[in-house]
Amino acid sequence: MASRAVITARQERLGAELRKLRERAGLTLRVAAKAAGIAESKLSSTEAGRVGVSAERVRHLASQYACDDDALVDALVAMATERVRGWWEEYRGRVPSGYLDLAELEYHARYLRNFESVHIPGLLQTEDQVRAIFAGSVPRLSGEELETRVRFRLRRQGVLTGLRYEALIHEAALRIRVADRKVAREQLLQLLERSELPQVGIRVVPFDADGFGGVVDPAAYAGGPVAQLDTVVLDSQHGSAFLDAEAQLARYREVLRKMEGAAMGVVESRELIHRIAQSM
């Protein structure tokens, strides 16, 4: 099988999970390849995501590694055999590759949990809010680049119709105006509208929250088909970082738990958002 010209984060994740299974079994690459009856270079390429892998090969490797977690193996098989060409592929070469990886992650997630301290979460932003954010990019985007990124972000919001989404938003993000009062007020009104969707939960961490240890980097937690395949996405001006080590997942589950402890209830959050919108 020819090597892939482009390796997505999801393909890398599949290879990484197969490598984790091998390492937990205490097998070197050479020993595992010999036991599986394949070339060491082929197994190395598989673990790096450079080549695809069949369902039969995934199950055979899992058996060689003495993995008895059927749910995990089934999830890895599904990752290996999916033939989805997502809408995001239309944007390949037109937006940063990390944007595509994020859209693919959201598409496959069972649920999403967000924490934002400065911006309204991208999945909840109005078109004018998105445009204002990208207009402030450094270096400055061309008109075509800006409009392409706006369309891409708005299209990502389609996932809200099919999964459970929870957003923890610091009060600072509600009050920061990336454009003007009109855009800010419309953004808050859209938050109120989205909060009425049964699958969407929006809670605010107020300025006067007790026990809040400080603003942390924006983070998204995407639930996988099994807990081992959860993913944390950290967002910064330098791009997104995808974390999936067990210790990292445990850490951010605890971070989100603490954020939830500092956040207001859903009804109280709606009332605060409404008051701030009225003051705009």
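The values are calculated or read from the model by the stated rules, or taken from the named source; none is laboratory data. Values in this document were obtained by computation on a predicted structure and should not be read as measured data. Methodologically, a virtual Cβ is constructed for each residue, glycine included, from the backbone with ideal geometry; neighbour enumeration extends over all protein chains shown.
Please work out if VAL84 is aliphatic (A, V, I, L, M) and modelled with pLDDT under 95.
Yes: the conditions hold for VAL84.
Of all residues in the range 136-148, which are farther than 21 Å from ASP180 by Cα and part of a helix (DSSP H, G or I)?
Listed by number, the residues that qualify are GLU144, GLU145, THR148.
Given the criterion touching a residue at least 12 places away in the same chain (Cβ under 8 Å), out of contact with any Pro (no Cβ under 8 Å at 6 or more places or on another chain) and surrounded by fewer than 20 Cβ atoms within 10 Å (Cβ to Cβ), identify the matching residue among GLY224, GLY261.
From the options GLY224, GLY261, the qualifying one is GLY261.
Based on this model, can you work out whether GLU268 counts as closer than 15 Å to GLU166 by Cα and touching a strand residue (DSSP E or B) at 6+ places or on another chain (Cβ under 9 Å)?
In short, no.
Condition check: crowded, with 18+ Cβ neighbours inside 10 Å, more than 23 Å from GLY223 (Cβ to Cβ) and at pLDDT below 95. Does ALA2 satisfy that?
no
Specify which of the listed residues (ARG30, ARG110, ARG94) is of a type in the set (Lys, Arg), farther than 30 Å from HIS170 by Cβ, surrounded by fewer than 16 Cβ atoms within 10 Å (Cβ to Cβ) and in the same structural domain as ALA219 (by TED's automatic domain parsing).
Unique residue meeting the criteria: ARG94.
Let's see how each residue does on (1) closer than 21 Å to GLY261 by Cβ; (2) aliphatic (A, V, I, L, M); (3) part of a helix (DSSP H, G or I):
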{"site": "VAL150", "(1), (2), (3)": "no, yes, yes"}
{"site": "ARG155", "(1), (2), (3)": "no, no, yes"}
{"site": "ILE169", "(1), (2), (3)": "yes, yes, no"}
{"site": "ALA179", "(1), (2), (3)": "no, yes, no"}
{"site": "LEU188", "(1), (2), (3)": "no, yes, yes"}
{"site": "GLU196", "(1), (2), (3)": "no, no, no"}
{"site": "ASP217", "(1), (2), (3)": "yes, no, no"}
{"site": "VAL233", "(1), (2), (3)": "no, yes, no"}
{"site": "ALA241", "(1), (2), (3)": "no, yes, no"}
